[in-house]
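Novice: Next up is a structure, given as C-alpha cells.
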Amino acid sequence: MRRVSPQTVAMIIGPGPAKTRRPRRWKRSVQVRSYGMNRSSGHLCSVGPTITSVTSSFEFPAYPARPSDAERDRVLGRLREGAAQGKLSHDTFMRRMELALVARRSDELAVLTADLETEGRWSQGLFRAVERASAFTVRLRRAWQSERLPKLLFPEPGPYPLRIGRDPANGLRLSHDTVSRVHAELSVQGGMWVLRDLGSTNGTSVNGRRVTGTVLVREGDQVSFGQMAFRLAAR
C-alpha cells in the first residue's frame, strides 16, 4: 500500500461532545487523522496515529449588582429604629452600622435587619400610637403644671434688659439658693422677647430645655431659674 503524506490528504472530524463537569467552563476537542490509499482495494483508509487537540474556553462569572444607596439608607434607618426601641445593644448597633456601610450585596444588608422585621404593620402602628399618646400626656401634664406656676409678667419694653438674680441691684430679685447673683436677663429684640442666661451655676430652662446662650420666649412659656419656675404672661 502506497502511503500518502498528511499534507496531501487530511480530514477534520467535527467537535466532540462538550464536557459539563464544571459550570461556566467547557472544552472542545478536534481530531486530525491522516489517510492513505489501499493498493489492493483502492479504498481510502487511515494511516498513522490520530492527533487530538483540545481547546478550552472560559466564561467570566456574573456577580450580583451592588446594593443601591436607597437600600443602604433603608437598612441604616431600620437599625436606628431598632436601637431606639431597645432591640439592639449599643455594641451590636455600632457593629451592624459598620457592616451596612461596607456591604457589597443586597443579601448582606437583609441579614442585618432580619431579626428586626418580625413586626407587622399592625404592631408598628400600635407603637406609633403609643408614642403619640405618651407625647400628648407629657404636653398635658406640662400644661397643667404651667397653669399652677406663678406668673412672671413681661416688663415694659425699654432700652435696658430686665436683669434676674439674687443680687438686690437686679430688676427682678429671686431669693433662692439655686439662683445665681446675676442669673439671666430678659429683653426685647426686633419686637420679640429674648431670654439670655448669664453663665448661671444651676442654669436657665425654657419648657424643660436648658438655655445655652439666648432663646426666644413668648406668653405661656414655662421658664426656670435654678429651681424657681414661672409662667410668662403679658400685662
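Quick note: the coordinates plus some simple rules give every number you see, no bench work behind them. Predicted model, so just to flag it, every value in this text is computed and none were measured. Please note: Cβ atoms are built from the backbone with ideal geometry, for glycine as well, and neighbour counts cover all protein chains shown.
Novice: Go ahead and run the numbers for FRET between residue 212 and residue 66, Cβ-Cβ distance against an R0 of 35 Å, rounding to 0.05.
Specialist: 0.25
Novice: Sketch the reach of a paramagnetic label on residue 156 as a point 7 Å from Cα along Cα-to-Cβ, and name the residues of segment 203-235 whose backbone nitrogen lies under 19 Å away.
Specialist: Output list for this probe position: 233-235.
Novice: Here is a follow-up. Report the antiparallel proportion of the DSSP beta bridges in segment 163-235 as a percent, rounded to a multiple of 5. Don't skip to the end; give the middle numbers.
Specialist: Details: 21 of 23 bridges.
Beta bridges within segment 163-235, antiparallel portion: roughly 90 percent.
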